[in-house]
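The next block holds one structure in the form of structure tokens; read it before the comments.
The values are calculated or read from the model by the stated rules, or taken from the named source; none is laboratory data. Only a predicted model underlies this, so the values are computations on that prediction, with no experimental measurement involved. Methodologically, a virtual Cβ is constructed for each residue, glycine included, from the backbone with ideal geometry; neighbour enumeration extends over all protein chains shown. Surface areas here come from the heavy atoms of the whole protein model, side chains and all, with no ligands, DNA or RNA. Shrake-Rupley method; radii C 1.70, N 1.55, O 1.52, S 1.80 Å.
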Amino acid sequence: MPTLFLLAPVAIPVLAALAYAGLGWRLATAWTAAASAALVLASGVVIAVGVARTGPREALSGFLRADALSAFMLLVIGVVALVAAAATPSYLSGERAAGRLSARIATRHSVLVQLFLATMTLAVLAADLGVVWVAIEGATIVTALLVGQDRTRTAVEAAWKYVVICSTGIALALLGAVVLNYAGARAGAGLDLAALTAHAAALDPGVTRIAVVLLVLGFGSKAGLAPLHAWLPDAYSQAPPPVSALMSGALLPVAFSAILRVKAISDIALGPAFLRTLLVVMALASLALAASLLLAQRDYRRMLGYSSIEHAGLMALGAAIGTPLALAAVLLHMLGHGLAKGVLFVGAGRIRQLTGSGAVGKVRGLAVRSPLLAGCFGLGVLALIGLPPFSLFASELGIVRAGFAGGLGAFTAVALALVLVIGAALVNHTSRMLFGPAPEGPGAAAAPSRLPVAVAAALVGGLALAAALGVAAGPLTTLLHLAANTLSGTTP
């Protein structure tokens, strides 16, 4: 595989950011982001095919490395970025027409989003854990600026909360990386992920325990896992909706993929039982927190944020189980969750522009006012709670099966009960928004007869792909199995 293909997922967004910085955001450049996302996805497909056929590949003297997990994560990032980017021109045009966004801020938004995309792709392609940390920290800085883009008191407060909590978490990860580097250096591995995995049995157990706990807590903060989760609903509800789609659908899986890398090392060095306990506690705490706070949630964007905490908890449970079936289900869950959240945050942004409110109680009769938008939002919620034929049904079923087969039946049953509570809460809140008569009066603006074509394509396309993956993973099956076997230390 030529070096160019490994460089492309990082270089393309950087070039797009330079184009926006030089030319600004306007009609002629509005679709640059969509082109960038499409090229990232295309390069991810090429890398995935190459890895599936001939195994891992390196570039830049081993600075970048693509294995099955890296290739799969590029597909997740690319497809979520494409859904978000397809809806961005319409969103930014609407905000400019309403006087809430200047051309300068639209340009800065576009530059930052492309840098965000570049940091995520670097994080999954980096061969060194230290570079992974730098890339995720870079994503934190960029997204903090995007969260506070509106410069309202609520947005600025959410941005600072995001910075403080995530910086605390990422500082823990940095300390963990330093400690693991000490153990790795003594074993002749440093922070190279492949070398750490190969020499994991030689790592000092006491030092490695400290490093693993710090790394999981640190990267877990970026994934929205309890206890460092409090930033997530505020940030997701205040960021521009396409950015929220990227944060939930792409950044969350990227951070969790770092946890999976650490787990692969920990399982060899310390045995699977050590990290399993921590992950089960974080998983059930995240699910319980999401269930309790979703019951009385009044803001539909925060509702989606708490749902992300739930799904991070499910991924943590699958990682704790640790069998190839569970890990393959976790990876499929990342993609299904990314598609559902991409559709829902794009839809939520459109609802916010149409109604002028983020409150569940102030959105009524959406099915009457904008049937396609209401239908896509409703189906997105059904996909999110794991109903067939959507892929989250298949991935959650895989996690549950693996949990009962892997000796974690009691914890899996508790998680399943919490998921049912969360699903009921989401359906209750969403049905109140979609059904009933449309509101009347001066504050009830009439919805347009149809969605912009690009927005409709993003919503329908995302749902269609999520449904198709629920029926059959197709060519992804080989990649999923390769990644799961690599992470579990199982020979295919």
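State whether one or more residues within segment 419-426 are within 18 Å of R369 (Cα to Cα), more than 22 Å from the chain's Cα centre (by Cα) and either open to solvent by 30 Å² or more (accessible area, probe 1.4 Å) or modelled with pLDDT under 90 (or both). Steps first, please.
Restricting attention to segment 419-426, the residues satisfying the condition of being within 18 Å of R369 (Cα to Cα) are none.
No - not one qualifying residue is present in segment 419-426.
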*Considering segment 1-31 alone, what residues qualify as being in a helix (DSSP H, G or I), within 24 Å of R104 (Cα to Cα) and over 22 Å from the mean Cα position of the chain (by Cα)?*
L15, L18, A19, Y20, A21, G22, L23
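Checking the condition among the aliphatic types (A, V, I, L, M), more than 21 Å from the chain's Cα centre (by Cα) and surrounded by fewer than 21 Cβ atoms within 10 Å (Cβ to Cβ), which residue from A211, A198 passes? Show your work before the answer.
Working: A211 fails: surrounded by fewer than 21 Cβ atoms within 10 Å (Cβ to Cβ).
Checking each option against the conditions leaves just A198.
Filter segment 281-304 for residues that are under 15 Å from A417 (Cα atoms) and not in a loop (DSSP other than H, G, I, E, B) and give the result.
Taking segment 281-304 as the starting set, the residues that turn out to be under 15 Å from A417 (Cα atoms) are 283-292, 294-295.
Those that are under 15 Å from A417 (Cα atoms) and not in a loop (DSSP other than H, G, I, E, B): A283, L284, A285, S286, L287, A288, L289, A290, A291, S292, L294.
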_Residue that is surrounded by the most Cβ atoms within 10 Å (Cβ to Cβ) [pool: residues in segment 237-282 that are more than 23 Å from A144 (Cβ to Cβ) and among the polar types (S, T, N, Q)]_ = S266
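State all residues of segment 283-308 that are under 30 Å from V207 (Cβ atoms) and either open to solvent by less than 10 Å² (accessible area, probe 1.4 Å) or among the β-branched types (V, I, T) (or both); if no residue qualifies, say none.
First, the residues of segment 283-308 that are under 30 Å from V207 (Cβ atoms): 283-286.
Within segment 283-308, A283, S286 qualify.
Here is a list: L317, L217, L228. Which entry is part of a helix (DSSP H, G or I) and either surrounded by fewer than 24 Cβ atoms within 10 Å (Cβ to Cβ) or within 15 Å of the chain's Cα centre (by Cα) (or both)? Spell out the reasoning first.
On the way: L317 fails: either surrounded by fewer than 24 Cβ atoms within 10 Å (Cβ to Cβ) or within 15 Å of the chain's Cα centre (by Cα) (or both); L228 fails: part of a helix (DSSP H, G or I).
Result of the check over L317, L217, L228: L217.
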*Give segment 233-262 a look and list any residue that's farther than 16 Å from L335 by Cβ and among the hydroxyl-bearing types (S, T, Y), or say none.*
Y236, S237, S244
